[in-house]
Amino acid sequence: MPKPSKKKKFSFKKALVAIGAIGIIAGSATVTKRVIDPGEIVTEVIDGDTFRIENGQSIRLFGIDAPELQYCFGEEAKDALSSKVFGKKVILKGLKTDIYKRIQAFVYVDGEFVNEYMSKNGFAYYDGNKTETSEIIKETSYYARDNKLGIFSEECSPTVPIKKNCGIKGQISHDLNKYIYMLPGCRDYDQTKVERYRGEDWFCTENEAKAAGFVKSSNCQ
């Protein structure tokens, strides 16, 4: 009588490795869905730097940050991105995942580099990520800043108070951990910029600044 064949033992470790390989696109973070085809149809635009494709996956434009919808030029940025990609087939290159498990990509439509378009026209700003391609975004962001376009306009980056006698500056650190306000006469007050497209603003009173979640800077003694 032939001996019964031995069953292979299930390797839990190997299974985890296989699952992990499916979930990773590029970078170090895992994602729940996978972009299979580099050419995808855009079904929804979320804001000025993020959209969804047909399989439900959200895609974020690599190298830029657009204003949140409630901030200065936020709606305009969303409309600009919509006009470029909504309902169209986009080409996704250089796929990466960030620490928030979002897929990021260089996005092209009809041969146009969308990330560059958004940056050059002041709908978003360069976020500091360095790659050979993102150097283009960096240069166009400087162009928009020098020409005071979009988020760099006087409306969104005002150099003077937007209301008379409202000279208190509210500033947010780029890691979003500190919300401080500065009074005229505080150290570094003159060098402090107000970027309304990031949620910063001018305030008329300290109580108004505090109500918005800002605390007095340690530079104000």
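The values are calculated or read from the model by the stated rules, or taken from the named source; none is laboratory data. Keep in mind that what you see is a predicted model, and the values were worked out from it rather than measured. Neighbour counts run over all protein chains shown; Cβ positions are idealised from the backbone, glycine included.
Here are a few things to note about the model shown:
- Test: I162 is under 26 Å from E116 (Cβ atoms) and not aromatic (F, W, Y): no
- Sole residue being among the polar types (S, T, N, Q) and in the same structural domain as K84 (by TED's automatic domain parsing), chosen from S141, S157: S141
- Of the strands (runs of 3 or more DSSP E) lying entirely inside segment 166-221, those containing at least 2 residues that are over 22 Å from G74 (Cβ atoms) span 179-182.
- Any hit, segment 102-116, residues being among the polar types (S, T, N, Q), within 26 Å of D201 (Cβ to Cβ) and touching a Lys or Arg at 6+ places or on another chain (Cβ under 7 Å): no
- Residues satisfying the stated conditions in segment 183-208, i.e. within 10 Å of Q171 (Cα to Cα) and surrounded by 14 or more Cβ atoms within 10 Å (Cβ to Cβ): T192, V194, E195, R196, R198, G199, E200, D201, W202
- Among the candidates E116, E112, E135, the residue that is over 24 Å from Y71 (Cβ atoms) and in contact (Cβ under 8 Å) with a residue 24 or more places away in the chain is uniquely E112.
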